[in-house]
Number of protein chains: 2
Amino acid sequence: MTTISPALPYPGASDQATPEETDPQGVFSLTEYADRLARVQELMHERGMASLVVVDPANLFYLTGYNAWSFYMPQAIIVPAAGPAHLFARAMDAQGAHHTCCLGPEQIHGYPEHYVHRPDIHPWDWITERALEIGVLEDGAEVVIGVETDAHFFSPRGFLALHGRIRQASLIDSHELVNWVRVIKSPQEQTKLLLAGRIATAAMTIGLEGVLAGAPQYEVVSEIQRAQAFGTPGVGGDYPAIVPMLPTGASAGTPHLTWSQQSLRSGEATTIELAGVHDRYHAPLARTVSLGEPTPRLRDCSEAVAEGLTAALDIFTPGTTGREVHAAFIACIERRGFFKESRIGYSIGIGYPPDWGERTVSLRAEEETPLAAGMAFHIILGMWQDNWGYETSESVLLTPTGHALLTDVPQGLLVKP
Amino acid sequence: MTTISPALPYPGASDQATPEETDPQGVFSLTEYADRLARVQELMHERGMASLVVVDPANLFYLTGYNAWSFYMPQAIIVPAAGPAHLFARAMDAQGAHHTCCLGPEQIHGYPEHYVHRPDIHPWDWITERALEIGVLEDGAEVVIGVETDAHFFSPRGFLALHGRIRQASLIDSHELVNWVRVIKSPQEQTKLLLAGRIATAAMTIGLEGVLAGAPQYEVVSEIQRAQAFGTPGVGGDYPAIVPMLPTGASAGTPHLTWSQQSLRSGEATTIELAGVHDRYHAPLARTVSLGEPTPRLRDCSEAVAEGLTAALDIFTPGTTGREVHAAFIACIERRGFFKESRIGYSIGIGYPPDWGERTVSLRAEEETPLAAGMAFHIILGMWQDNWGYETSESVLLTPTGHALLTDVPQGLLVKP
């Protein structure tokens, strides 16, 4: 395994050698954004798209730095074949977009307040008309417009409003074009991931300390949430795309339960799944704690998974496919009588609620994409059984010759008295 | 103003007189769920709907108690004209749905893992086919199916998969049918809101204490997030639909910025907007703090808003319309030279990311719905100006004869040295 120096320069640090012009919050250099846009437009060209309608908040952030909790209202970036992208958002959000977004004022458009939550008109009526008017959307018989039709925060009604105003051009699914451009992380992004990993390490350490018989679940989570925002010295945390999950006892047999009013009980196992986040980059991490001696079956499962993880990491290097990684893990656990139907990991990077996955490369039987340096994955080994479960994970960055773990928390089942 | 006793019985409390059968987590009685379903089916009947496709996680929780962070994958409840609702979710989530959901196993359907994130097939292919097969969806020339086409977490691609498999029936927009049933809160729900209000009070008190010159924003938020989950003695907090927002200094001129790596500065104003949450019920609250003497304009604005809030609350009683409340507020601030385009409040109750609004009744010029006992609102007075802002809010429950505030934090601009 290659080890990455944790002292990678952090953009914005005072000892940075060549200060570059950045977005308003100093998160990325303008050169970086220009490069991202160029790669998106290049792919658009290959696929014959005259425009691309982008609605995923992570893609908005990736392309322009735009970052606000405004995605509960319709908003989009429309990328033309050439020239700058344009942001469309509710007027009150458009007005403040320059605090985070690297677009100029003439590329930011706010729809009026009276379009909000109305049965007769929809913000996408306005967005489409304005986009046609300024030419970032074009309606013609030969024109192809890519649309993120399976992203979060684009409602069918919004899509139908867009569709209804485009009379001649073809709307085609984007097939996550921008998400696929995001798969390889630049050095600046890798630094964000490393910092997110340190925050995950800190938050998980505190979470594991809090798992005690009799502790109410909400108390354990309260300390985790404090640690997630507090970050590590000098490096604040950002909000995670998913709140800490705490399946415990019988409910550990299912993956996505959030915490409850119940207390942790001796004799039960509890899983903590959380992410450290910095500047929207996520390093997720899961561990399981047994309060008291684990059942033989849980012990067995944790050992099988540990072997599987080792086998998966052994080949986790550029050139290997997701299918091969998956097969290495599955072979180990099946030898010990365990089975898993769902994928064992997915590409990570920028995350916004409700998901920190990139929706591109998965570690599963059908995945033929080869791993490459600069990719990052959450390898998540969730074994959800009838009324019990075991879960452990690692966030991993691909290096030119191997990989590096983003976090540093002892692996395996933690047994506490 | 009517005052509600804070000692309203809390379901699940040991001194509860008549223990009723509840959902698996003891959040609501089964009678309550039966009543909710009956009211939804009555409205469906009035509108001639044979089925209703429900995707909003808040509506899933309202109708069945189903509660998990699984909404990043396609899921739905389909309500037939008569008989029980059916839940459709990813297999790994369907398997654990009985931990929170009051439906029987024969009403819970899990789509196979290989439908996840695939370019060729979509979970909504499976959901639609299964729903047709078991008869909760019917495809016929005279059949009308209501669909939540403007809810979060229903992608255009998902909708098109549904649409493509329904050959004869008409799909019509639900116009937020279930959300409108949610508008009047039952006594059990009102208790949740009161407990959420207490948590909001605790979290805001801690947040306001943390606003100090030199404090990094993420540190202030870390204590707020701890308090939100910790709750108040014996009553744990749940996760908020929106993370704490902390517009500060020049960025206070825009409403939805989340916290950053910056520190708070003397001479600047900072707004905290957060929610207390209990069992998914939200009591949002906003306050603004000036570090040092406020500018005359900010002082003016806070006083105008205080007068406007008093005028709005004076008539905040059953029978008044949202239009009248809005007009009372606007008249006060305009007399003092302030203007506001956006609505001044919205109905609240259950919330899931990315929004804690119910998307039904708004407090705005066009709103003719009369207020009624059991409704609850977030009255949010956000004055977003060029490079500065002021924001304050109250969460308010309508009683038979007036209203009660859900939280207890001194109103007005807080000035700290």
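The values are calculated or read from the model by the stated rules, or taken from the named source; none is laboratory data. Small disclaimer: the values here were computed from a predicted structure and weren't measured. Ideal geometry is used to build each Cβ from the backbone, glycine not excepted, and the neighbour counts take in all protein chains shown.
Among the residues making up region B:65-74, those that are within 20 Å of A:S260 (Cβ to Cβ) and more than 9 Å from chain A (Cβ to nearest Cβ) are B:G65, B:Y66. Checking the structure you have, find out if any residue of region A:141-151 is hydrophobic (A, V, I, L, M, F, W, C) and under 25 Å from the mean Cα position of the chain (by Cα). The answer is yes, given that some residue of region A:141-151 is hydrophobic (A, V, I, L, M, F, W, C) and under 25 Å from the mean Cα position of the chain (by Cα).
Every test in (1) part of a loop (DSSP other than H, G, I, E, B); (2) among the acidic types (D, E); (3) within 30 Å of B:A241 (Cα to Cα) is passed by A:E391 save one, and that test is (1). Inspect all residues belonging to region A:263-282 and state whether any of them is of a type in the set (F, W, Y), within 13 Å of chain B (Cβ to nearest Cβ), over 15 Å from B:V221 (Cβ atoms) and not in a helix (DSSP H, G or I). Scanning region A:263-282 turns up no residue that is of a type in the set (F, W, Y), within 13 Å of chain B (Cβ to nearest Cβ), over 15 Å from B:V221 (Cβ atoms) and not in a helix (DSSP H, G or I). For region A:206-250, the set of residues classified as assigned to a loop (DSSP other than H, G, I, E, B) and charged (D, E, K, R) consists of A:D238 only. Looking at region A:395-417 only, could you name the residues that are surrounded by fewer than 19 Cβ atoms within 10 Å (Cβ to Cβ), part of a strand (DSSP E or B) and touching a Pro at 6+ places or on another chain (Cβ under 8 Å)? Result: A:V415, single match. With without any contact (Cβ under 8 Å) to a residue 24 or more places away in the chain and touching a strand residue (DSSP E or B) at 6+ places or on another chain (Cβ under 7 Å) as the only criterion, which of A:G357, A:G374, A:G345, A:G351 stands out? Exactly one of A:G357, A:G374, A:G345, A:G351 is without any contact (Cβ under 8 Å) to a residue 24 or more places away in the chain and touching a strand residue (DSSP E or B) at 6+ places or on another chain (Cβ under 7 Å), namely A:G357. Pull up region B:371-384, narrow it to residues that are more than 10 Å from every other protein chain (Cβ to nearest Cβ) and either on the phi > 0 side of the Ramachandran plot or more than 20 Å from the chain's Cα centre (by Cα) (or both), then point me to the one that is surrounded by the most Cβ atoms within 10 Å (Cβ to Cβ). Within region B:371-384, the match that is surrounded by the most Cβ atoms within 10 Å (Cβ to Cβ) is B:M383. Looking only at residues in region B:104-147 that are under 30 Å from A:S70 (Cβ atoms) and touching a Leu at 6+ places or on another chain (Cβ under 8 Å), the one that is nearest to the other protein chains (Cβ to nearest Cβ) is B:V147.
Every condition in (1) farther than 30 Å from A:R118 by Cα; (2) assigned by TED's automatic domain parsing to the domain that holds A:V144 is met by A:E219 except one, and the failing one is (2).
Is there a residue being farther than 20 Å from A:L87 by Cβ, assigned to a helix (DSSP H, G or I) and either free of Cβ contacts under 8 Å to residues at least 60 places away in the same chain or in contact with a Lys or Arg (Cβ under 7 Å, 6 or more places away or on another chain) (or both) anywhere in region A:123-146?
We begin by selecting, within region A:123-146, every residue farther than 20 Å from A:L87 by Cβ; these are A:139-144.
Filter once more, so that each one left must be assigned to a helix (DSSP H, G or I): none.
Among the residues of region A:123-146, not one is farther than 20 Å from A:L87 by Cβ, assigned to a helix (DSSP H, G or I) and either free of Cβ contacts under 8 Å to residues at least 60 places away in the same chain or in contact with a Lys or Arg (Cβ under 7 Å, 6 or more places away or on another chain) (or both), which makes the answer no.
Could you please give the count of residues in region B:85-125 that are under 27 Å from A:D173 (Cβ atoms) and either in contact with a helix residue (DSSP H, G or I) (Cβ under 8 Å, 6 or more places away or on another chain) or surrounded by fewer than 23 Cβ atoms within 10 Å (Cβ to Cβ) (or both)? Residues flagged as under 27 Å from A:D173 (Cβ atoms) and either in contact with a helix residue (DSSP H, G or I) (Cβ under 8 Å, 6 or more places away or on another chain) or surrounded by fewer than 23 Cβ atoms within 10 Å (Cβ to Cβ) (or both) within region B:85-125 amount to 23.
Here's the yes/no breakdown for (1) touching a Ser or Thr at 6+ places or on another chain (Cβ under 8 Å); (2) in the same structural domain as A:S362 (by TED's automatic domain parsing); (3) not small (G, A, S):
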position	(1), (2), (3)
A:V143	yes, no, yes
A:G146	yes, no, no
A:T149	yes, no, yes
A:P156	yes, no, yes
A:A161	yes, no, no
A:A169	no, no, no
A:D173	yes, no, yes
A:L177	no, no, yes
A:L194	no, yes, yes
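Table: residues versus (1) of a type in the set (V, I, T); (2) in the same structural domain as A:L60 (by TED's automatic domain parsing); (3) crowded, with 24+ Cβ neighbours inside 10 Å.
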| residue | (1), (2), (3) |
| --- | --- |
| A:I272 | yes, no, yes |
| A:D279 | no, no, yes |
| A:P294 | no, no, no |
| A:R297 | no, no, no |
| A:A306 | no, no, no |
| A:V325 | yes, no, yes |
| A:D355 | no, no, no |
| A:L363 | no, no, yes |
| A:E367 | no, no, no |
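Residue-wise test of (1) assigned by TED's automatic domain parsing to the domain that holds B:H152; (2) in contact (Cβ under 8 Å) with a residue 12 or more places away in the chain; (3) of a type in the set (K, R); (4) more than 19 Å from B:E358 (Cβ to Cβ).
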position: B:Q41; (1), (2), (3), (4): yes, yes, no, yes
position: B:E46; (1), (2), (3), (4): yes, no, no, yes
position: B:A50; (1), (2), (3), (4): yes, yes, no, yes
position: B:F61; (1), (2), (3), (4): yes, yes, no, no
position: B:G65; (1), (2), (3), (4): yes, yes, no, no
position: B:S70; (1), (2), (3), (4): yes, yes, no, yes
position: B:Q75; (1), (2), (3), (4): yes, yes, no, yes
position: B:I78; (1), (2), (3), (4): yes, yes, no, yes
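Restricting attention to region B:208-253 and to residues that are farther than 12 Å from A:Y239 by Cα, small (G, A, S) and facing chain A (nearest Cβ under 7 Å), the residue that is surrounded by the most Cβ atoms within 10 Å (Cβ to Cβ) turns out to be B:G237. The residue that is surrounded by the most Cβ atoms within 10 Å (Cβ to Cβ), counting only those in region B:163-180 that are facing another protein chain (nearest Cβ under 9 Å) and outside any strand (DSSP E or B), is B:E176.
Any idea how many residues of region A:365-378 are in a loop (DSSP other than H, G, I, E, B) and either among the hydrophobic types (A, V, I, L, M, F, W, C) or in contact with a Ser or Thr (Cβ under 8 Å, 6 or more places away or on another chain) (or both)?
At the first step, the residues of region A:365-378 found to be in a loop (DSSP other than H, G, I, E, B) are A:365-369, A:371-375.
Next cut, either among the hydrophobic types (A, V, I, L, M, F, W, C) or in contact with a Ser or Thr (Cβ under 8 Å, 6 or more places away or on another chain) (or both) only: A:365, A:367-369, A:371-375.
Result for region A:365-378: 9.
With the structure loaded, tell me whether A:T310 is farther than 22 Å from A:D386 by Cα and surrounded by fewer than 24 Cβ atoms within 10 Å (Cβ to Cβ) or whether it fails that test. Answer is yes for this residue.
Output yes when any residue across region A:338-347 is more than 20 Å from the chain's Cα centre (by Cα) and more than 14 Å from chain B (Cβ to nearest Cβ), and no when none is.
Here is the first cut: in region A:338-347, the residues more than 20 Å from the chain's Cα centre (by Cα) are A:338-341.
Retained after the next criterion (residues that are more than 14 Å from chain B (Cβ to nearest Cβ)): A:338.
Yes; the residues of region A:338-347 include at least one that is more than 20 Å from the chain's Cα centre (by Cα) and more than 14 Å from chain B (Cβ to nearest Cβ).
Which count do you get for residues in region A:301-337 that are of a type in the set (D, E, K, R) and either within 14 Å of another protein chain (Cβ to nearest Cβ) or touching a Phe, Trp or Tyr at 6+ places or on another chain (Cβ under 8 Å) (or both)?
Taking region A:301-337 and keeping what is of a type in the set (D, E, K, R), we get A:303, A:307, A:314, A:323-324, A:334-336.
Still in the list and also either within 14 Å of another protein chain (Cβ to nearest Cβ) or touching a Phe, Trp or Tyr at 6+ places or on another chain (Cβ under 8 Å) (or both): A:323.
Summing the residues that are of a type in the set (D, E, K, R) and either within 14 Å of another protein chain (Cβ to nearest Cβ) or touching a Phe, Trp or Tyr at 6+ places or on another chain (Cβ under 8 Å) (or both) in region A:301-337 gives 1.
Looking across region A:183-207, just one residue is crowded, with 23+ Cβ neighbours inside 10 Å, over 16 Å from the mean Cα position of the chain (by Cα) and not aliphatic (A, V, I, L, M), and that is A:G207. Of all the criteria given as (1) assigned to a loop (DSSP other than H, G, I, E, B); (2) of a type outside the set (A, V, I, L, M, F, W, C); (3) closer than 27 Å to B:Y111 by Cβ; (4) touching a Pro at 6+ places or on another chain (Cβ under 9 Å), the one not satisfied by A:K340 is (4).
Which one is surrounded by the most Cβ atoms within 10 Å (Cβ to Cβ) among residues in region B:148-158 that are within 7 Å of chain A (Cβ to nearest Cβ) and not in a helix (DSSP H, G or I)?
Here is the first cut: in region B:148-158, the ones within 7 Å of chain A (Cβ to nearest Cβ) are B:149-157.
From what is left, the residues that are not in a helix (DSSP H, G or I) are B:149-155.
Details: B:T149: 21, B:D150: 22, B:A151: 23, B:H152: 23, B:F153: 24, B:F154: 26, B:S155: 24.
Top of the filtered list is B:F154.
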